[in-house]
């Protein structure tokens, strides 16, 4: 019997979840597994490269499908596999009124940092919950304990799958400088906020930092220019041919921010597969991928990061040893065919149970977008709950001040305040919370615009006016200085 697998993903992109999806489909065909795959991408926007790769592996996809199309595809599917991270589109799908299905949630997040949290609702609604990093289950012990026994899903572990075929017969290339590479999303919701300054402080005369990935390259270039080290940095934007980059790297410098929700990090896998020793911070799932002084170097602070890069420069034999160990580790533990077999076994296990309805726990049809956002944060969203339904005005202001100081990830990262606000611009509280973020960043004109919209769309005017008065005072003081 051929299994019909329907993949639900937020957007077809060139990033890790899409690449994992397409790699697994490719490996399933190579292994001759009896599977047929389709994709529902919830957003219309799609990377041209992702479209091409999907066609190359022969998988049908629909972009921004209609309600009727979703219903038809769900009826076709034996297994519905949702690529989960906190974003409004994924939550809208999970809260939908759908026919009976078998629901597998493949978490693309570690689940340790707001807004990228795996809540009790996510656990309870799934039939099978698959993590991409073993640390996820350590974090979720408390959440599991709160779920009724009959509502707990089966669990499994399948890391994100990289297509190592694009690195087959990989060879290094001669180069004249000592190259430290970074490949991935280029913004401060992903990379370390002091990436440029701590890199610039490394005392190696012929060092070059090659940064590949889209995002805030212009801001990073300006930081390098301010420090007078422009010549040390090469910002290349998005690069599909990573072989050409990896072949000239000596070290993979991959310092992520403390709030990262990284799990199995495909770009890190690829660098290690190519035999390039990584230097990382112990944040997110990265700490389980790199063993200190075995497959790379794990550092605790900026000074240690500088020292680690310098150590590898002056000790080429250690660099070669760590690179070789990294290569062997990845090839042993992150084999794409093994991961695809594991997932197929999970599919077969799920097929032993009938399809069922998946009503969202405690879902109210009248729930606002702001209320949905608060629920998506689970126990990490208490300040938003206090702002939304305070017991007193003082409690509301306390919660609002905490919201204003939210981390970069919670404020402006994927699944954060601004993301939900952009999806639901007529929600008064989402506009208010966005205004608080701008206020904290001293972007007062933007803050006022958001506060005015918050009142227009029904937010408690007393809370908003309290902050409007503070912003106007700040603007007045700034004008006098």
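The values are calculated or read from the model by the stated rules, or taken from the named source; none is laboratory data. Nothing here was measured: the structure is a model prediction, and the numbers come from that model. Cβ placement follows ideal geometry from the backbone for every residue including glycine, while neighbour counts extend to all protein chains displayed.
Examine the range 413-435 for a residue that is under 16 Å from residue 402 (Cα atoms), outside any helix (DSSP H, G or I), modelled with pLDDT of 95 or more and not assigned by TED's automatic domain parsing to the domain that holds residue 84, and state whether such a residue exists.
yes
Hey, among the residues in the range 139-166 that are under 30 Å from residue 271 (Cβ atoms) and surrounded by fewer than 18 Cβ atoms within 10 Å (Cβ to Cβ), which one's modelled with the lowest pLDDT? So that I can check it myself, show each step before the final result.
From the range 139-166, those under 30 Å from residue 271 (Cβ atoms) are 139-140, 155-166; that's our starting set.
Adding the requirement that they be surrounded by fewer than 18 Cβ atoms within 10 Å (Cβ to Cβ) leaves 139, 155-157, 165-166.
On the way: 139: 79, 155: 90, 156: 94, 157: 94, 165: 91, 166: 90.
That would be 139.
Taking the options 209, 188, 170, name whichever one is in a strand (DSSP E or B), surrounded by 15 or more Cβ atoms within 10 Å (Cβ to Cβ) and not assigned by TED's automatic domain parsing to the domain that holds residue 409. Let's see the steps before the verdict.
Numbers: 188 fails: in a strand (DSSP E or B); 170 fails: in a strand (DSSP E or B).
After applying the criteria, what remains is 209.
Could you tell me whether the range 105-112 includes any residue that is more than 21 Å from the chain's Cα centre (by Cα) and either buried (at least 20 other Cβ atoms within 10 Å of the Cβ) or in the same structural domain as residue 35 (by TED's automatic domain parsing) (or both)?
Initial filter on the range 105-112 (more than 21 Å from the chain's Cα centre (by Cα)): none.
Scanning the range 105-112 turns up no residue that is more than 21 Å from the chain's Cα centre (by Cα) and either buried (at least 20 other Cβ atoms within 10 Å of the Cβ) or in the same structural domain as residue 35 (by TED's automatic domain parsing) (or both).
Select, from 448, 410, the only residue that is in contact with a strand residue (DSSP E or B) (Cβ under 9 Å, 6 or more places away or on another chain), surrounded by 15 or more Cβ atoms within 10 Å (Cβ to Cβ) and part of a helix (DSSP H, G or I).
Values: 448 fails: in contact with a strand residue (DSSP E or B) (Cβ under 9 Å, 6 or more places away or on another chain).
When all the criteria are applied, what remains is 410.
Check whether at least one residue in the range 354-369 is surrounded by 13 or more Cβ atoms within 10 Å (Cβ to Cβ), in a loop (DSSP other than H, G, I, E, B) and modelled with pLDDT of 95 or more, and report yes or no. I'd like the intermediate steps shown before the answer.
Quick first cut of the range 354-369, residues surrounded by 13 or more Cβ atoms within 10 Å (Cβ to Cβ) only: 355, 358, 360-361, 363, 367-369.
Next, only the ones that are in a loop (DSSP other than H, G, I, E, B) stay: 355, 358, 360-361, 363, 367-368.
Subset that is modelled with pLDDT of 95 or more: 355.
The answer is yes; a qualifying residue exists.
Tell me which residues, restricted to the range 222-274, are on the phi > 0 side of the Ramachandran plot and buried (at least 20 other Cβ atoms within 10 Å of the Cβ).
Residues of the range 222-274 that are on the phi > 0 side of the Ramachandran plot, as a first pass: 228, 237, 265.
Listed by number, the list holds a single entry, 265.
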